[in-house]
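Reviewing the structure listed below.
The values are calculated or read from the model by the stated rules, or taken from the named source; none is laboratory data. Note that the structure is a prediction, hence the values are computed from the model and not measured. Note: ideal-geometry Cβ built from the backbone for every residue, glycine included; neighbour counts use all protein chains shown.
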Amino acid sequence: MRIGISLSEVIIADNTITGTGVVLAQRLEQLADPGGVVVQGSVSETVPTRLPFNFESMGEQALKGFDQQVRVFSVRLLDGEDVPMPELKASSSTVESYDSQVSAKLSRKAYEILTGERLDLPDKPSIAVLPFQNISADPEQEYFADGISEDIITALSRVPDLIVIARNSTFVYKGRAVDVRQVGQELGVRHVLEGSIRKSGDRLRITAQLVDTTSGDHIWAEYYDRKLDDIFDIQDEIAHSIVVQLHLKLVTGEYTSLWSTGTSCIEAWELVIRSRPLVESHVHDDAMAGKHLLERALELDENYSAAWVTLGWIYWEESIWNWCSDPEKSIQLAFEAAQKALSADVRFPDGYSLLGNIFMVRGDPIQAIAMCEKAVELAPGDSGQAAYLSNVLIDSGRVKEGIQKMQRAIRLCPFPPSWYLLVLGIGFHLDGDNEAAITALEQAVKREPDSHIPRLWIASTLVEMGRQDEARVVTEEIKAIEPDFSAVSWAQSFKSKSHARLKDNLLTAGFSE
């Protein structure tokens, strides 16, 4: 048996299948070895690279009935468990591989303790967008592929009543062969969107497939082949086409305007994509490198909301972590950046969440909560917006509400970052549920073993549980990490009752005045 596969036109009439696609498939079949498969070149570009196939070029072939030569590949099935994956140059927006991040997923028991629910498939629509595969010859196009994936997630997060898994959790599958049914179980979703991107010269080719995670069946697929005369018009059309299809198939109700890039400058967009992981590292040198990229992006487009917000977060961190000589000046620069972002796009959720955290630092919890609630209203499926609201609620004393919001954030991000677990642990501790607090804070330490901050709250929790000896052991760990740490100075840098309570417990745990 031989098989030939093409993507050319097929016509069905009078129960008969005809067209150039059928003729081409027949010609390709004649080139195949016994038991082999031969495909048209475009087929090799649309098959997701997670599948265990290898394509070997047979060059350009002259086929009977066709004026132009056809690029042809033979297909080889990769045997066994050790499926070699194509080598991908890690981009700055690449999250660590699944194997190194698997511990970041909460165990079923921990998930149930921390969220109060099981990680089951929900009754409401739910989706995870896996990182689109870059099949371009240029590995630098990883940034482009990652950016498209992130923008689709952002668009979907603005759809009411749709569970959308955060990038932090979906990008751990990047560069790995995965079974969508396993993804569905690990992330608790009924649908997965996957695809590939090829960008070459003035052409852009994208495939996207919507897959049912319970059966593995494709329920929708689309293939795009467009020119790159205006890359953002193309990107907007592609993203909206995908979003519209998902919206119609997954969510009932009126279509809402969901997405835009915020810029018409591809270079500025790419600079922001490259800056984000640097800012999210919360490391001074990385943040300064990210700041340089963002300043370049704003030189190219001074009305780019995403660039202003990301830069604002750097100024915010400078103030919070004492990375500057004038913290008040830095927090003012963060405030101005948020204002500029919202002046450019008044419906940009990230601008409101940044403002909320700025108001919290300035001791205005009412405004802080209002701003973060606005962000959640604009992007109800965005894990980050829910987490920011949780943070300001807990810091404002509305602890139970804050816990609920963080539990929602973790549902949307089952591979949660450390700070989600830190905030949740603080909430449990302040609410008197110290067993749950220890569970959350220990998970935070597991993700950031060199950080002293979750250990501060572990020590405080242990003191209130009457386990002073254990608290003193944790205190020594903190001193080894941060020899100059002062419980009094730390409490004074925050304007909240929770940090005053933390200071008293840390003094009991062995810190000096």
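Miscellaneous remarks
- Against the conditions (1) of a type in the set (S, T, N, Q); (2) under 21 Å from Glu280 (Cα atoms); (3) surrounded by fewer than 19 Cβ atoms within 10 Å (Cβ to Cβ), Gln185 satisfies every one except (2).
- Candidates are the residues of region 500-509 that are at pLDDT below 90 and touching a Ser or Thr at 6+ places or on another chain (Cβ under 8 Å); the one that is surrounded by the most Cβ atoms within 10 Å (Cβ to Cβ) is Leu502.
- Flag if Ile438 is over 22 Å from the mean Cα position of the chain (by Cα) and either in a loop (DSSP other than H, G, I, E, B) or farther than 25 Å from Asn505 by Cβ (or both): no
- When each of Trp308, Trp316 is tested for being among the hydrophobic types (A, V, I, L, M, F, W, C) and closer than 24 Å to Ala491 by Cβ, the lone residue that passes is Trp316.
- Residue check, Thr214 farther than 30 Å from Asp301 by Cβ and either at pLDDT below 90 or more than 19 Å from the chain's Cα centre (by Cα) (or both): yes
- Remark: pairs (first residue in region 156-185, assigned by TED's automatic domain parsing to the domain that holds Thr214; second residue basic (Lys, Arg); Cβ separation under 6 Å; 6+ apart in sequence or on different chains) = Asp161/Lys124; Ala177/Arg50; Val178/Arg50.
- All positions within region 338-364 that are outside any helix (DSSP H, G or I), out of contact with any Ser or Thr (no Cβ under 7 Å at 6 or more places or on another chain) and under 30 Å from Ser126 (Cβ atoms): Val346, Arg347
- Checking each residue in region 476-491 for being part of a helix (DSSP H, G or I) and of a type outside the set (Val, Ile, Thr) picks out Glu476, Glu477, Lys479, Ala480, Ala487, Ser489, Trp490, Ala491.
- Residue list for region 365-402, restricted to those being polar (S, T, N, Q), in a helix (DSSP H, G or I) and surrounded by fewer than 24 Cβ atoms within 10 Å (Cβ to Cβ): Gln367
- Within region 446-461, the set of residues being more than 23 Å from Ala386 (Cβ to Cβ) and assigned to a helix (DSSP H, G or I) comprises Arg455, Leu456, Ile458, Ala459, Ser460, Thr461.
- Selection from region 313-348 of residues that are touching a Gly at 6+ places or on another chain (Cβ under 8 Å) and under 20 Å from Cys265 (Cβ atoms): Ala337, Ala341, Leu342, Ala344, Asp345, Phe348
- Pairs where the first residue, in region 417-437, is under 13 Å from Val399 (Cα atoms) and the second is in a loop (DSSP other than H, G, I, E, B) and of a type outside the set (A, V, I, L, M, F, W, C), C-beta under 9 Å, 6+ apart: Leu424/Pro416; Gly427/Asp433; Leu430/Gly397
- Failed item, numbered, when Glu470 is tested on (1) out of contact with any Leu (no Cβ under 9 Å at 6 or more places or on another chain); (2) assigned to a helix (DSSP H, G or I); (3) over 26 Å from Gly397 (Cα atoms): (1)
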